[in-house]
């Protein structure tokens with residue numbers, strides 16, 4: 001049994017939950033609250049698992065894996081069906097580019113520790129932080145919209161994969177911060193198709209044991 005260290009609202013953990021569900025893999029969820037007690041991810045016992053103090057972390061066979069994209073590719077290599085990546089090299093490169101545009105360009109500058117730094121160290125007020133968040137999500141998702149071909153039901157073809165695992169959590173964040181999604185018809189349509197699937201529904205923040 002795999003153990004996933006997760007937080008209901010973490011988009012990175014959300015990605016991995018979707019991937020595990022798509023693969024039909026059972027796991028134990030271990031909540032790590034990113035705000036309570038000063039952030040449980042900063043406690044020595046968690047830092048011993050993941051020195052970055054981030055979620056998710058996946059414990060499997062006595063080893064701890066970190067970084068959501070690396071975890072998902074590990075799952076794809078060890079449990080190849082259904083695949084998260086296409087069979088052809090060009091298709092894999094395209095899917096990775098979409099996934100990384102979200103996970104490496106949009107998400108890192110909008111995650112909790114960045115917002116806490118903006119508000120604490122730099123004294124940015126809530127309105128300013130919200131404007132920062134919306135700007136980078138809208139800019140980033142506009143680029144992703146242009147990267148999508150519009151062919152197939154999902155980001156690449158007719159089955160959800162790595163890129164969809166990244167897209168849906170980012171759209172969840174965009175909705176939280178009231179971003180304008182009406183200008184993103186391809187993203188909106190793909191997200192709706194994903195959210196109709198059980199693997200995505202079970203991974204959603206409101207369906208997690210630590211939801212609040």
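A few points about this structure:
- Extension reserve of the residue 97-residue 3 stretch, reckoned as 0.36 nm per residue once the Cα distance is removed: 31.0 nm
- Semi-axes of the equivalent ellipsoid for segment 128-212, computed as √(5λ) from the eigenvalues of its C-alpha gyration tensor and ordered from largest down, come to 20, 19, 9 Å.
- Its DSSP H runs of at least 4 residues, each contributing -39,500 (n - 2.57), put the calculated 222 nm mean residue ellipticity of the chain at -15000 deg cm²/dmol, to the nearest 500.
- Förster radius 41 Å - calculated FRET efficiency between residue 33 and residue 146 (Cβ-Cβ, nearest 0.05): 0.65
- Sites residue 211 and residue 139 - FRET efficiency at Förster radius 35 Å, r taken between beta-carbons, to 0.05: 0.75
- Gyration tensor (alpha-carbon) shape descriptor, the chain, a/c threshold 1.5: oblate
- Cα gyration tensor shape of segment 31-139, rounded if a/c is under 1.5, else prolate or oblate by comparing a/b with b/c: oblate
- Antiparallel DSSP beta bridges within the chain, as percent of all bridges there, nearest 5: 60
- Considering only 115, 58, 162, the Gaussian network model of the chain with Cα springs below 10 Å gives its largest mean-square fluctuation to 115.
- The residue 49 and residue 177 beta-carbon pair, evaluated with R₀ = 22 Å, returns a calculated FRET efficiency of approximately 0.15.
Any read-out appearing in this document is the output of simple, stated calculations on the displayed coordinates, not a laboratory observation. Since the structure is predicted, the reported quantities are computational estimates derived from the model, not experimental observations. A quick note on method: Cβ atoms are made from the backbone with ideal geometry, for glycine too, and the neighbour counts reach across all protein chains shown.
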